[in-house]
Amino acid sequence: MNNNIDDIIEKMTLEEKVRFCSGTNFWETESLERLSIPSLRFSDGPNGLRKSGEDIIAMSESEAATCFPAPAAYASSWDRELVAKLGNAIADEALAADVQIVLGPGVNIKRSPLGGRNFEYLSEDPYVAGELAVDYIKAMQAKGVGTSVKHFAANNREYRRMEVDTIVDERTLHEIYYPAFEKAIKKAQPWTVMTAYNKLNGYYASEHEELLRQILHDDWKFEGFVVSDWGAVDDRVQALKAGLAVEMPPTGGLSDEKIKLAIEAGELDERVLDERLAAYLRILFKTTAVKQVKTYNQDEHHALAEEIATESIVLLRNEKNILPLNTTDKVAIIGDLADNVRYRGGGSSQVNPTKLDTPLDKLREKAGENIQFARGYSIDGKDEQEQLIKEAESMDKVILFLGLPEEFESEGFDKLHLRLPENQELLVKRITAKNQNVIVVLSNGSPVEMPWRDQVNGIVEIYLGGQAVGGAITKILYGEENPSGKLTETFPLKLEDTPSYLNFNQEKNHVVYQEGIFVGYRYYEKKNMPVLYPFGYGLSYTEFQYDNLKLSANKLQDSDTLNISFTLKNTGKRAGKEVAQVYISDRESSNVRPVKELKGFEKVLLAPGESKTVTIELDPRAFSFYDPEQHAWRVETGSFDILVGSSSEAIHLSETVEVTETVAPKMVYDRNSTVSDVLDDPQNQDKMEELLLSLRGKLVLIPEDEENVDKMMFPMLSDLPLRGLIIFSQGQFTDKELDEFIQSLNN
Ligand code: BGC
């Protein structure tokens with residue numbers, strides 16, 4: 001195949017080659033009949049196919065397709081197999097619609113719950129985001145449809161997303177913002193990676209050599225091609241140099257012309273263009289090798305959408321076992337959202353559904369006359385509130401459908417606060433003042449504050465649950481299905497508590513990620529702050545017991561894998577699924593680390609009374625941190641706790657393992673390294689001591705008194721940069737001697 005591609009490129013003129021550097025219209029790439037090169041078609045998005053006409057970006061004008069739950073929802077399923085089924089299904093719809101690359105999954109980290117597009121992303125935690133992305137990508141590509149992992153990298157806000165310069169330190173990038181991409185690439189090789197709109201540390205992501213060449217290509221061995229986010233390229237020639245193959249949408253030939261001129265002027269090597277083209281053609285020919293399937297079964301996909309929504313619903317509160325309901329219960333359904341359900345996010349994930357099951361219709365179908373409905377508020381805030389609230393107050397047992405209107409969160413803009421609309425807050429107050437049996441069902445793309453939490457007995461989070469959300473919530477409310485979703489993000493008590501509160505959208509074109517690696521639960525736990533609902537949390541109608549944690553070893557070396565096993569038992573009366581989570585805590589570290597970090601999980605189905613042994617493998621990365629001084633991942637010698645729990649807060653089992661670092665980190669010294677840097681390095685400690693002793697009598701900082709030399713001299717000098725030895729010896733220790741000394745250390 002490669003030779004073939006080389007041949008094709010060989011036969012192309014420069015004009016023909018540059019044409020392939022951007023699309024032919026909004027969604028399709030160029031073709032070339034002369035050499036039998038077809039075009040390929042991209043389509044959004046992560047929760048269903050949003051296939052628009054050739055030059056149409058209008059969000060509402062796409063062909064009907066199954067609208068699956070938003071990623072924020074399906075991530076809460078923590079179910080790798082289910083996510084794979086989703087990838088398969090969207091691939092089938094793509095094949096039927098003649099789409100070759102589906103733009104997703106989005107694996108950006110939810111840095112703040114204010115992120116307008118958080119519904120489209122998987123988690124605040126890179127481990128779970130990466131794991132789920134891998135299964136989705138593998139499943140879709142196994143069908144011959146390409147994916148586009150997006151938006152690479154550090155696209156964590158919508159406000160001025162096309163020009164903001166995101167300043168993030170190296171360790172934070174490697175530990176928080178890169179790993180989901182890294183895992184997706186190393187384990188699933190997505191056919192394309194989409195660059196982010198924003199700048200990262202001074203350079204646009206689309207033009208970022210370190211990001212696209214060094215990290216993506218050289219370090220992670222990405223084999224696909226890089227496509228820009230729609231409109232993300234500023235300097236097309238630089239983008240090509242950095243590694244971006246295809247710019248979307250096209251610029252009417254302007255960008256192509258710039259590339260051609262740069263080559264003709266000798267500013268750009270034509271071989272760079274050939275390399276990008278080859279990367280693109282390799283993927284193109286993978287897509288053309290696929291057998292087209294012309295149809296898919298809409299009903300089956302609708303049923304799958306319902307299954308995914310059901311598995312994703314998170315039961316947050318169930319006081320006095322108010323849920324599940326009986327069909328004989330007289331229930332008042334209140335809230336416009338029960339009828340005008342918000343089932344999808346705005347922007348790229350705005351899939352036009354093949355049909356829509358509203359909660360109200362499905363609840364009526366289930367419980368018939370025992371259901372009464374009052375609108376309570378209007379989601380657009382336009383209707384006369386007083387009258388609607390009065391109507392609502394006349395009911396007895398209540399399910400309140402609340403949530404965020406589209407104007408509060410979407411691709412393209414961020415949320416301004418975490419509150420529900422005022423008319424809904426007011427309604428909750430008035431209803432709960434009269435009624436003790438209130439269950440709130442929430443439709444929202446990201447966390448909301450719940451000042452009313454203690455006044456209601458039930459809270460169910462359905463996120464943006466897709467076109468079959470009505471059936472899913474009905475099954476959960478009536479106990480036909482047992483809830484098993486768990487949060488992949490923390491719900492804070494209030495906005496002011498959030499890690500990025502002080503610098504989220506405070507500046508127009510600039511943001512510094514001051515909280516560093518302390519994103520989500522890593523922050524709340526380190527600061528010992530209470531939250532509304534912790535990461536990994538979700539209730540069930542049954543109960544589970546954790547026992548018998550076993551480690552395959554109690555001592556490990558830094559390159560070893562550890563296998564752990566434990567028993568999980570369903571001690572309740574209903575079948576149910578538990579998401580068991582494994583966290584690792586480093587007891588002591590030279591660099592600050594989170595209290596604990598998620599490193600494994602498994603979703604397990606158990607019949608009443610049934611027990612199963614769960615096994616989880618922890619690879620060396622699970623114990624490591626990214627050392628910015630070494631520019632590498634390191635496992636430091638010491639004790640690590642292996643913690644097994646049902647959420648980040650509820651840890652049921654723990655064991656300790658001792659890990660040994662076998663390869664000492666390689667230190668690189670310069671004039672500004674300190675005396676203690678060298679003294680702390682076992683390989684160079686002797687040299688430093690020898691030098692200091694040889695400077696006795698010359699160095700003003702060394703005590704005269706012989707006896708105190710060891711006790712005083714080393715601590716006093718410890719923070720002195722090596723160059724200080726010249727100054728404080730008044731030049732008796734020379735620059736030349738220092739250079740030689742540093743050279744001997746680095747050798
Ligand atoms: C979004 C991408 C999307 C693309 C095409 C952009 O505005 O950021 O996620 O895939 O448009 O619709």
Practice prompt. From the list Ala184, Ala154, Ala180, pick out the single residue that is within 25 Å of Glu275 (Cβ to Cβ), among the aliphatic types (A, V, I, L, M), within 16 Å of the ligand (Cβ to nearest atom) and buried (at least 22 other Cβ atoms within 10 Å of the Cβ).
Written response: Ala184
Worksheet item: Which pairs have Cβ atoms under 7 Å, sit 6 or more apart or on different chains, and link a residue in region 624-635 that is over 13 Å from Met667 (Cβ atoms) to one that is among the β-branched types (Val, Ile, Thr) and part of a loop (DSSP other than H, G, I, E, B)?
Response: Ser624/Val635
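Can you tell me which residues in region 429-445 are modelled with pLDDT of 95 or more and among the aliphatic types (A, V, I, L, M)?
Listed by number, the residues that qualify are Val438, Ile439, Val440, Val441, Leu442.
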Item to complete: Please find, within region 451-461, the residue that is farthest from Leu304 (Cα to Cα) out of those that are open to solvent by less than 10 Å² (accessible area, probe 1.4 Å) and out of contact with any Gly (no Cβ under 8 Å at 6 or more places or on another chain).
Response: Val456
Worksheet item: Counting just the residues of region 525-551 that are open to solvent by 30 Å² or more (accessible area, probe 1.4 Å) and among the aliphatic types (A, V, I, L, M), which one comes out farthest from Lys486 (Cα to Cα)?
Response: Leu551
Worksheet entry | Subset of region 396-414 (residues that are open to solvent by 10 Å² or more (accessible area, probe 1.4 Å), away from the ligand (no atom under 16 Å from the Cβ) and either touching a helix residue (DSSP H, G or I) at 6+ places or on another chain (Cβ under 8 Å) or farther than 30 Å from Thr327 by Cα (or both)) | Glu406, Glu407, Phe408
Discussion item. Of the conditions (1) more than 16 Å from the ligand (Cβ to nearest atom); (2) touching a strand residue (DSSP E or B) at 6+ places or on another chain (Cβ under 9 Å); (3) in contact (Cβ under 8 Å) with a residue 24 or more places away in the chain, Pro249 satisfies every one except a single condition; which number is it?
Written reply: (1)
Item to complete: Select from region 157-177 the residues that are of a type outside the set (Ser, Thr, Tyr) and open to solvent by 40 Å² or more (accessible area, probe 1.4 Å) and list them in ascending order.
Response: Arg160, Met162, Glu163, Ile167, Asp169, Glu170
Practice prompt. Please specify each residue of region 445-468 satisfying the condition of being touching a strand residue (DSSP E or B) at 6+ places or on another chain (Cβ under 8 Å) and in a helix (DSSP H, G or I).
Written response: Arg453, Gln455
Item to complete: Just give me the residues in region 227-278 being part of a loop (DSSP other than H, G, I, E, B), of a type outside the set (S, T, N, Q), more than 25 Å from the chain's Cα centre (by Cα) and surrounded by fewer than 19 Cβ atoms within 10 Å (Cβ to Cβ), in sequence order.
Response: Asp234, Asp235, Pro249, Gly252, Gly253, Ala265, Gly266, Glu267, Asp269
Discussion item. Suppose we keep only residues that are in a helix (DSSP H, G or I) and touching a strand residue (DSSP E or B) at 6+ places or on another chain (Cβ under 8 Å) within region 341-380. Which one would you say is nearest to the ligand (Cβ to nearest atom)?
Written reply: Pro359
Worksheet item: What number goes with the only condition from (1) aliphatic (A, V, I, L, M); (2) modelled with pLDDT under 90; (3) within 23 Å of Phe625 (Cα to Cα) that Val657 does not pass?
Response: (2)
Worksheet item: Taking region 48-69, which residues are out of contact with any helix residue (DSSP H, G or I) (no Cβ under 6 Å at 6 or more places or on another chain), at pLDDT 90 or above and more than 9 Å from the ligand (Cβ to nearest atom)?
Response: Gly48, Lys51, Glu63, Ala64, Cys67
Practice prompt. Answer yes or no: is there a residue in region 98-113 that is open to solvent by 10 Å² or more (accessible area, probe 1.4 Å), within 20 Å of Val579 (Cα to Cα), in a loop (DSSP other than H, G, I, E, B) and away from the ligand (no atom under 13 Å from the Cβ).
Written response: no
Practice prompt. Output the residue which, of all residues in region 192-221 that are among the aromatic types (Phe, Trp, Tyr) and open to solvent by 20 Å² or more (accessible area, probe 1.4 Å), is nearest to the ligand (Cβ to nearest atom).
Written response: Tyr204
Discussion item. If I ask for residues that are open to solvent by 10 Å² or more (accessible area, probe 1.4 Å), among the hydrophobic types (A, V, I, L, M, F, W, C) and farther than 27 Å from Asp219 by Cβ, which ones from region 625-684 would you list?
Written reply: Leu643, Ala650, Ile651, Leu653, Leu679
Response to the item:
Here the residues within region 21-36 that are away from the ligand (no atom under 16 Å from the Cβ) and either surrounded by fewer than 19 Cβ atoms within 10 Å (Cβ to Cβ) or within 31 Å of the chain's Cα centre (by Cα) (or both) are Cys21, Ser31, Leu32, Glu33, Arg34, Leu35, Ser36
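Evaluate region 574-597: report whether one residue or more is open to solvent by 70 Å² or more (accessible area, probe 1.4 Å), farther than 30 Å from Asp677 by Cβ and outside any helix (DSSP H, G or I). Lay out the reasoning, then the answer.
To start, the set of residues in region 574-597 that are open to solvent by 70 Å² or more (accessible area, probe 1.4 Å) comprises 574, 587-588, 590, 592.
Still in the running and farther than 30 Å from Asp677 by Cβ: 574.
Filter once more, so that each one left must be outside any helix (DSSP H, G or I): 574.
Yes, region 574-597 contains at least one residue that is open to solvent by 70 Å² or more (accessible area, probe 1.4 Å), farther than 30 Å from Asp677 by Cβ and outside any helix (DSSP H, G or I).
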Worksheet, complete the sentence: Taking region 116-129 and the residues there that are within 13 Å of the ligand (Cβ to nearest atom) and either outside any strand (DSSP E or B) or without any contact (Cβ under 8 Å) to a residue 40 or more places away in the chain (or both), the one that is surrounded by the fewest Cβ atoms within 10 Å (Cβ to Cβ) would be Gly116
Discussion item. Tell me yes or no: at least one residue of region 416-423 is surrounded by fewer than 24 Cβ atoms within 10 Å (Cβ to Cβ), of a type in the set (D, E, K, R) and in a loop (DSSP other than H, G, I, E, B).
Written reply: yes
Worksheet item: Quick check, is Thr571 open to solvent by 20 Å² or more (accessible area, probe 1.4 Å) and closer than 18 Å to Glu655 by Cβ?
Response: no
Discussion item. Cβ-Cβ under 8 Å, sequence separation 6+ or interchain: first residue in region 408-422 and within 12 Å of Pro447 (Cβ to Cβ), partner outside any loop (DSSP other than H, G, I, E, B) and within 16 Å of the ligand (Cβ to nearest atom). Which pairs?
Written reply: Glu409/Asn118; Glu409/Phe119
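The values are calculated or read from the model by the stated rules, or taken from the named source; none is laboratory data. Worth saying up front: this structure is predicted, and the values here are computed from it rather than measured. Here Cβ is always computed from backbone atoms with ideal geometry, including for glycine, and neighbour counts include all displayed protein chains. In case anyone asks, the SASA skips ligands and DNA or RNA and just uses the protein heavy atoms, side chains included. Shrake-Rupley method; radii C 1.70, N 1.55, O 1.52, S 1.80 Å.
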